[in-house]
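**Q** Starting off with a structure, shown below.
The values are calculated or read from the model by the stated rules, or taken from the named source; none is laboratory data. Please read these numbers as outputs of a predicted model, since none were measured by experiment. Side chains are part of the model used for accessible areas, which takes the heavy atoms of the whole protein and leaves out ligands, DNA and RNA. Shrake-Rupley method; radii C 1.70, N 1.55, O 1.52, S 1.80 Å.
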Amino acid sequence: MNQNLVIKIPYVATDADLIKNLPSWVAKVKALPGVKIRDLKLTDLVLPANQCNGIYFFVSPNDSVVYVGKASSRCFVERLGGHFDLRAGNWFSSFLRAYARIVNGVVGDLSSEDYEKSYNDILDYKLKILAIDIPANQTLSAAVKHTIAMLERFFVKHYKSQHGIIVLNR
């Protein structure tokens, strides 16, 4: 596991425990160096089966979190690869699509050239991962998916509230 990319956190079963742990998890995400998109390797995203789901963050070169996403039904290696589909008409590249619309001002359907320009623009952005250590008896239960969705909502709200930070999604 790439220690610059991934923080492992324990699964918590209740919303109260989730809320109690949030401040320490925010601090851990902030302290995590991350890995530049241009330096990311597929093998960096391959995590143990019980730790391959959670929350991920795209961070700008000035260390602002600009995108928060979740890997709940799919593991990180499957979900994150979808963000870099450069084909026109794709439906999975939500980070690049948001970047093209908000930062590059693209209106309407994106062309493959729009996706490619956005991709080239974000090569120096970093990725950070918050992997949930899911107990073997939980697998990807509805409770685990609820926890991941709650974490995503919290982090989106948290980063949107930070002065000067624009979260591209939600």
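**Q** Helix 112-121 sits at what angle to the longest principal axis of the chain, using alpha carbons and giving 0 to 90 degrees rounded to 10?
**A** Rounded to the nearest ten degrees, it is 60.
**Q** Under 16 Å between alpha carbons, and skipping anything fewer than 8 positions from Lys160 in its own chain: which lysines qualify?
**A** Output for Lys160: Lys30.
**Q** Kindly flag which residue pairs out of Lys36/Lys117; Lys20/Lys157; Lys28/Lys126; Lys41/Lys157 have an alpha-carbon separation exceeding 23 Å in this structure.
**A** With Cα atoms farther than 23 Å apart: Lys41/Lys157.
**Q** Sticking with this one: Give the Kirkwood hydrodynamic radius (Å, one decimal) of the chain, defined as one over the mean of 1/r across all pairs of different Cα atoms.
**A** By the Kirkwood definition, the hydrodynamic radius is 16.4 Å.
**Q** Using only the alpha-carbon atoms, how far is helix 142-161 inclined from the longest principal axis of the chain? Give it as 0 to 90 degrees, nearest 10.
**A** Approximately 60 degrees, to the nearest 10.
**Q** Separate question: Residues of the chain: accessible area per residue at 1.4 Å, in Å²?
**A** For the chain, the per-residue accessible area is 51 Å².
**Q** When the Cα atoms of the range 1-70 are enclosed in a convex hull and the volume is divided per residue, what value in Å³ results?
**A** Cα convex hull per residue, to the nearest whole number: 100 Å³.
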